[in-house]
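The structure under discussion appears below in the form of structure tokens.
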Amino acid sequence: MRKVITMVGTSIFDNYREENTSDTLFKRYIEDLKDKGESEYGEEIRRIRDIKNKIAKWINEKKLEDKVDISAEVKSLIKLKEELKEELEIYLLCSDTLLSIVAGEIIEEFIEDNEEMFNIQADRVKKEIIKDLQVSNREKFEDGMNRLVNKMYEISNDFWENVVVNVTGGFKATIPFLTILAQVNKCPVYYIFEKTDVLIKIPNVPINIDWSIFEEHERLFSDIEKEGIKELSEGLKDIADIKAIVEYTGDLISFNPLGLTLWKKYKERFELFYISPIVKEFIERKENKLVVDNSLMELKRRLLNNPDHPDLDHKLHGIDLKGFKCFKHKERNLQVRIIYTTERWETSYGSEELNIYIGDIAIGSEVHNAETEYIKQFANSLPKIENLSSYEIYRIDKIIQGEGY
């Protein structure tokens with residue numbers, strides 16, 4: 001099954017007007033609504049209902065073979081069904097404009113009512129509205145593009161080989177950003193040019209990205225992601241690679257759509273944890289780095305997928321962990337105990353994130369020795385690990401780590 005991400009524009013209204021030139025009321029409705037956003041939907045419900053009724057009547061009067069041409073989105077999706085020859089899961093992404101939203105609702109209903117035309121089950125078409133995605137205000141457009149980038153990563157769920165990007169509809173201003181995103185993630189981009197019936201595929205080109213800029217400045221980019229904006233230190237202001245991926249507001253910087261695209265791709269490859277100075281010393285001193293890495297990855301997996309698992313809150317007798325918890329785990333026949341705490345937060349572009357702070361670790365004989373030994377170790381460590389601002393980022397390469405299992 002292929003996930004087809006389709007931007008939604010207003011071609012369905014243009015096509016109706018071309019065939020119904022005498023419908024001046026419809027034309028006036030479209031002109032009146034073209035600059036309105038989602039927040040005004042309720043106020044315009046009467047005119048929206050009239051538009052939908054007119055479009056529905058127009059579609060129903062068409063022969064089945066002519067319904068293919070009701071909109072650019074419908075035509076391109078049918079062409080993609082023929083091209084891909086497999087079942088589709090369709091995501092209709094609407095801009096934060098009233099007409100795009102209404103068009104998305106009409107197209108979604110049309111697909112559900114004609115699922116055999118699209119090789120899709122009715123429950124596999126989903127409509128999403130991308131907040132702030134409009135072209136009348138540059139600052140809001142940047143915010144909307146970041147939300148769009150985030151939504152595309154959310155849909156992909158790290159499996160870009162199953163994703164197709166359809167840029168036939170929607171704002172033309174989004175095409176360069178979506179093309180770059182698709183190239184970075186090696187997924188195909190398709191579109192139908194204007195009134196033609198030709199489905200065009202933008203081929204992937206070899207792209208070699210130098211990730212060192214993110215490796216060297218992980219804390220900066222992590223802070224931008226969390227805080228939305230960040231003051232750029234004097235020593236970083238002249239680094240061209242940073243300038244290319246951030247938006248400046250005075251001395252403050254935030255991700256631009258390219259920067260967010262690359263940062264999220266970086267985080268698909270690397271898992272980032274925050275470790276105390278004690279844990280940093282432990283990792284540098286020990287030879288069982290793979291056990292540490294696997295245990296940290298398992299900790300995050302359980303926090304995301306099974307947060308009520310009892311091993312995530314292993315009780316230690318006679319010790320107050322002061323907001324921390326103990327993770328009980330066994331890795332490669334070694335007992336592992338990890339003192340950790342978490343922080344959940346939401347980015348400015350709508351993604352939910354989880355920071356994991358690792359305060360202390362005990363492995364193997366340190367745990368098998370009398371239970372009280374590692375508990376004493378943790379008790380002694382607590383005053384030294386409470387200051388989370390002293391923690392450093394610890395990076396785990398998911399590809400290398402996966403090979404270690």
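Please treat every number below as a calculation from the coordinates, not as lab data. Just so it is clear, the model here is predicted, and its values are computed rather than measured. Virtual Cβ from ideal backbone geometry, glycine too; neighbours counted across all protein chains shown.
Here are a few things to note about the model shown:
- Computed over the stretch 33-73, Cα set: Rg, Dmax in Å: 13.1, 36
- The stretch 221-304: radius of gyration over Cα atoms, expressed as a fraction of 2.2 N^0.38 Å: 1.39
- Set Lys131/Lys243; Lys300/Lys376; Lys81/Lys226; Lys52/Lys75 screened for pairs whose C-alpha atoms are more than 31 Å apart: Lys81/Lys226
- Ranking Leu296, Val336, Ile385 by Cα position along the charge dipole of the stretch 270-403, where only Lys, Arg, Asp and Glu carry charges on their C-beta atoms, puts Val336 farthest toward the positive end.
- Each Lys and Arg adds +1 at its Cβ and each Asp and Glu adds -1 at its Cβ; summed about the Cα centre, the chain shows a dipole of about 360 debye.
- Histogrammed with a bin width of 10 Å, the alpha carbon distances of the stretch 270-403 distribute as 11, 45, 36, 7, 1 percent, first bin at zero.
- Calculated diffusion of the stretch 128-238, Stokes-Einstein form, Kirkwood radius summed over Cα pairs, 4 °C and 1.567 mPa s, µm²/s: 80 µm²/s
- Relative contact order of the chain, pairs being alpha-carbon contacts under 8 Å that are 6 or more residues apart, as %: 14 percent
- Sequence-separation-based contact order of the stretch 270-403, relative, with Cα cut under 8 Å and 6+ spacing, percent: 35 percent
- Annotation: extensible slack from Met117 through Glu65 equals 17.7 nm (criterion: 0.36 nm per residue apart, minus Cα-Cα distance).
- Calculated mean residue ellipticity, 222 nm, the chain: -13500 deg cm²/dmol, from DSSP H runs (n ≥ 4) at -39500 (n - 2.57) each, averaged per residue and rounded to 500.
- Taking 7 Å steps out from each Cα toward its Cβ at Arg302 and Ser365 produces label points 2.5 nm apart.
- Base-10 log of normalised Debye intensity for the stretch 212-268 (one unit scatterer per alpha-carbon) at q = 0.14, 0.16, 0.26, 0.28 Å⁻¹: -0.31, -0.40, -1.18, -1.41
- FRET efficiency, Thr24 to Lys201 (Cβ-Cβ, R0 41 Å, nearest 0.05): 0.55
- log₁₀ of I(q)/I(0) at q = 0.07, 0.12 Å⁻¹ - the chain, Debye sum with one point per alpha carbon: -0.44, -1.00
- Quotient of C-alpha Rg and 2.2 N^0.38 Å, computed over the stretch 56-168: 1.13
- Membrane-span-like helices in the chain, defined purely by DSSP H runs whose alpha carbon atoms cover 20 Å or more axially and whose average Kyte-Doolittle hydropathy reaches 0.5, are 98-113.
- With the cut-off at under 13 Å, measuring from each backbone N in the stretch 97-125 to a point 7 Å along the Cα-to-Cβ line of Lys36 picks out 97-103.
- The calculated Kirkwood hydrodynamic radius for the stretch 2-202 is 17.2 Å, given to one decimal from all distinct C-alpha pairs.
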